1. Which ones in the stretch 135-194 are aromatic (F, W, Y) and open to solvent by less than 50 Å² (accessible area, probe 1.4 Å)?
2. Quick one: how many residues across the stretch 144-194 are over 22 Å from T26 (Cβ atoms) and part of a loop (DSSP other than H, G, I, E, B)?
3. Which one is most open to solvent (accessible area, probe 1.4 Å), of the residues in the stretch 72-117 that are in a loop (DSSP other than H, G, I, E, B) and among the β-branched types (V, I, T)?
4. Every residue in the stretch 103-136 that is under 16 Å from I74 (Cβ atoms) and among the aliphatic types (A, V, I, L, M), please.
5. Among the residues of the stretch 3-51, how many are open to solvent by less than 70 Å² (accessible area, probe 1.4 Å), in a strand (DSSP E or B) and over 19 Å from G165 (Cα atoms)?
6. Out of the stretch 46-93, which residues are without any contact (Cβ under 8 Å) to a residue 24 or more places away in the chain and aliphatic (A, V, I, L, M)?
Amino acid sequence: SFITQLSTEMIDDSGVDILGFLAEQTGIALGVRVNTDLTVGTGSAQPRGLALDTTLGVTGGTAVVGAFTADNLIDLVYSVNSAYRAQPGCGFQMRDSSIRYLFEPSLQAGEPDLLLGFPLTSNPDVAATALNARSVLFGLTPKYFVRQVGGVRLDRSDEFAFNAGLITFRATMRVDGALVDTTGAVKHFVGAAT
């Protein structure tokens, strides 16, 4: 959850839909925060992130500052059980700076970008390529279950900061997540230490 405040004058005097803009920005902020928690959450006062629950698939070579090779990615694919690899939803997650030479952009709207024939999702919260970093995730991500309790809640208080002429808004979303098969549904590549 988070709190934001707007002045009474801004809301009353604006010639634009400030409350609509606030709702849109709140949705974006919650989406960004939830993605972070569901990707790298610690499991303590936040969800268990997908990266936390994955098992090691491949360790990269030494002296390459955690970078992966094409062979590392192929080995990562084959480290996941073939029954999982054959199912819809099996694919890669990496941050933009890690997506490189094997990337095959989709030329059709609605079709995913591919890497080694598997869907590739750009996720800014997957670790950057570095030593000891889980910089590539691969596997059957539908085995990562997300539980949302209720919906997004947006509360408004005209009284909380009345003396300052502010209206306070609090956005709250309750969500949790965990990988239900931690033995092999999703694995990660980790950059080797030097």
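1. Once the filter is applied, which keeps residues that are aromatic (F, W, Y) and open to solvent by less than 50 Å² (accessible area, probe 1.4 Å), the stretch 135-194 yields F138, Y144, F169, F189.
2. Of the residues in the stretch 144-194, 9 are over 22 Å from T26 (Cβ atoms) and part of a loop (DSSP other than H, G, I, E, B).
3. Filtering the stretch 72-117 for residues in a loop (DSSP other than H, G, I, E, B) gives 80-81, 86-89, 95, 99-102, 105-113, 116-117.
Cutting the leftovers down to among the β-branched types (V, I, T) gives us 80, 99.
Details: V80: 2, I99: 40 Å².
Filtering the stretch 72-117 for residues that are in a loop (DSSP other than H, G, I, E, B) and among the β-branched types (V, I, T), the one most open to solvent (accessible area, probe 1.4 Å) comes out as I99.
4. L114, L115, L116, L120, V136
5. 0
6. L52, A83, A86
The values are calculated or read from the model by the stated rules, or taken from the named source; none is laboratory data. Just so you know, these numbers come straight off a predicted model, no measurement behind them. Ideal geometry is used to build each Cβ from the backbone, glycine not excepted, and the neighbour counts take in all protein chains shown. When the accessible area is computed, the model is the full protein with side chains, heavy atoms only, and any ligands, DNA or RNA have been set aside. Shrake-Rupley method; radii C 1.70, N 1.55, O 1.52, S 1.80 Å.
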